[in-house]
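Have a look at the structure below, then the notes.
The values are calculated or read from the model by the stated rules, or taken from the named source; none is laboratory data. The shown structure was predicted, so the numbers you read here are calculated from the model rather than taken from an experiment. Neighbour counts are summed over all protein chains in view; Cβ atoms, including those assigned to glycine, are modelled from backbone coordinates with ideal geometry. Quick note on the areas: whole protein, heavy atoms, side chains included, nothing else; ligands and nucleic acids left out. Shrake-Rupley method; radii C 1.70, N 1.55, O 1.52, S 1.80 Å.
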Amino acid sequence: MPLENSPLLPQDEAALSYGSAKATASAYDRFTPSQKRDFVVGSFVPCIPQIAHDLHSNGTVINFAISLYMVSGAVGTLTWSTYAGFYGRRPVYLTVLPIFAAGSLGVTFARSVPELMVFRVIQAFGGGGGMSIGAGVISDIYRLEERGAAMGVFFAASLFGPALAPLLGGLTAEYASWRMLQLFLAMCGACLFAAMLLLLPETSWPRARGINKLREAGEDVDRWVWLNPFRHVTIFRSPNVLAACLAGSFALVSNYSLLIPLSYTIGERYNIRSEVLIGALFVPSGLGSALGAPLAGRISDHVIVKWRTRRGGRWVPEDRLRAAQTGALVLVPLSVLLSGVFTHYVDGTTGLVLNMICLFLNGLGNDTVLTPIAAYNVDILHSRSAEAFAVTSALRSCITALAAASLLPLINSLGVLATNAIAAGLVWLGFGLLWITIHYGDQMRAWVDVGYSMESDH
């Protein structure tokens, strides 16, 4: 069993300085291709009406629990990525999974809305580290020209659960209770803890962790070191990171605009009352996301190689964002806008089918936007990859939490079509930010240096 202090490299190799050419090559070659694939390889929403009834509340209040979950997840993401950069990826995984399992167990047995809120916060805080630490692992073991594809596979695997969770949530709500799926999540957390304990080695680069640097400086590292989880928010001083993050956030808002109120929009419009069928409505979006992520990752790698060759070997990191343009300009905004049109004007089975197509295209388009952006952030901040992923995820979570809390009131006052039109407009604004970053990224990076990576760092 790999232990936290087990060396990943032979001693002569581990002694190489971080960032040297030989150390860089060795760090990426620590794992075989099959091992790398092993590393990368919202049950709540359709149950909102039943949860509201069970806890003697209403859909708007229970919808607020989703927003609270997002904010708590954002804080968890910042916290755990900070400690993953200091102590390493493995020990943080072994910390967050029991917290997630305990929170899920608490949600299972919640008997009131306040209890539900408290345990959803714990659940989200524990689960918040998974994506950011996973992105850090990708950065640890994959080279620049392989990273997009790996990030795509990672996203696809991560999105396989959300693609099935609403349907499973609907099934359990219809035939058992929404609590059963939360219990299943608690069991999954426990099983994942066992798997990480037995199978996951430390992937951080040799001598790159904060604790290693303290040891080298002769400081005491036998005690717990308190770290400020918000210190990496300074990454947003980079206009490149901020612009790309806002573009991804606006795309994700469009997805939430379709999915969060789905029970009350498409479900009501087409007289769908069954939680199972409501859950099934989420599947096209999930499948689109699961297909779009690996596709977008490979395309972004191809774009990097193509433009670097065109420039005579010179690497420009913003080239990767070119792979996100089609999704941000066409797929995402048009799918959310047309869904509003179809819901408003088209009756019966035809309208429902057209909406399903829009949901699929929106899921597909969202990941053709988000995957290149995530890989881009890792490219330009390689030594702080988990932290960069965390702060951008945290901002996205806060923006989407605000959107989720506003959706039902906005739909009630303006209607579905107007709400979706606003969401589409935000996505087009995000496309404008991407276009500016692609064409003026060099100048923007020169404004503020937040520790950008050089090509030799990859």
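Worth pointing out:
- Of note, SER249 satisfies the criterion of being closer than 18 Å to LEU426 by Cα, open to solvent by less than 10 Å² (accessible area, probe 1.4 Å), modelled with pLDDT of 85 or more and out of contact with any Pro (no Cβ under 8 Å at 6 or more places or on another chain).
- Of the set (1) modelled with pLDDT of 75 or more; (2) open to solvent by 10 Å² or more (accessible area, probe 1.4 Å), all apply to SER81 but (2).
- Listed by first and then second residue, the pairs with beta-carbon distance under 8 Å, at least 6 apart or on different chains, first residue in region 147-176 and within 30 Å of ILE272 (Cα to Cα) and surrounded by fewer than 18 Cβ atoms within 10 Å (Cβ to Cβ), second at pLDDT below 70 and of a type in the set (A, V, I, L, M), are ALA157/VAL40; ALA157/VAL41.
- Some residue of region 380-401 being of a type in the set (A, V, I, L, M, F, W, C) and out of contact with any helix residue (DSSP H, G or I) (no Cβ under 6 Å at 6 or more places or on another chain): no
- Residue ID - modelled with the lowest pLDDT, chosen from residues in region 399-458 that are open to solvent by less than 40 Å² (accessible area, probe 1.4 Å) and of a type in the set (S, T, N, Q): SER453
- Subset tally (residues that are within 17 Å of the chain's Cα centre (by Cα) and closer than 30 Å to GLY451 by Cα) for region 344-380: 14
- Checklist (1) modelled with pLDDT of 80 or more; (2) surrounded by 24 or more Cβ atoms within 10 Å (Cβ to Cβ) applied to PHE125, failing item: (2)
- For region 97-112, filtering for residues that are in contact with a helix residue (DSSP H, G or I) (Cβ under 8 Å, 6 or more places away or on another chain) and surrounded by fewer than 18 Cβ atoms within 10 Å (Cβ to Cβ) leaves 3.
- Residues within region 179-191 that are under 20 Å from the mean Cα position of the chain (by Cα) and surrounded by fewer than 17 Cβ atoms within 10 Å (Cβ to Cβ), tallied: 1
- Taking the listed residues LEU94, LEU105, LEU116, LEU144, the one that is aliphatic (A, V, I, L, M), modelled with pLDDT of 85 or more and farther than 19 Å from VAL225 by Cβ is LEU105, with no other qualifying.
- Yes/no for GLY59 being at pLDDT 85 or above and under 25 Å from ILE278 (Cβ atoms): no
- Residue satisfying condition, being touching a Leu at 6+ places or on another chain (Cβ under 6 Å) and polar (S, T, N, Q), within set SER238, SER300, SER285, SER249: SER285
- Check on THR343, assigned to a helix (DSSP H, G or I) and surrounded by fewer than 17 Cβ atoms within 10 Å (Cβ to Cβ): no
- Any pair with Cβ under 6 angstrom, 6 or more apart, that starts in region 307-321 at a residue that is open to solvent by 40 Å² or more (accessible area, probe 1.4 Å) and ends at one that is at pLDDT below 90 and not aliphatic (A, V, I, L, M): ARG308/TRP315
- Criterion: of a type outside the set (Asp, Glu) and open to solvent by less than 10 Å² (accessible area, probe 1.4 Å) - qualifying residue of LEU359, LEU331, LEU364, LEU338: LEU359
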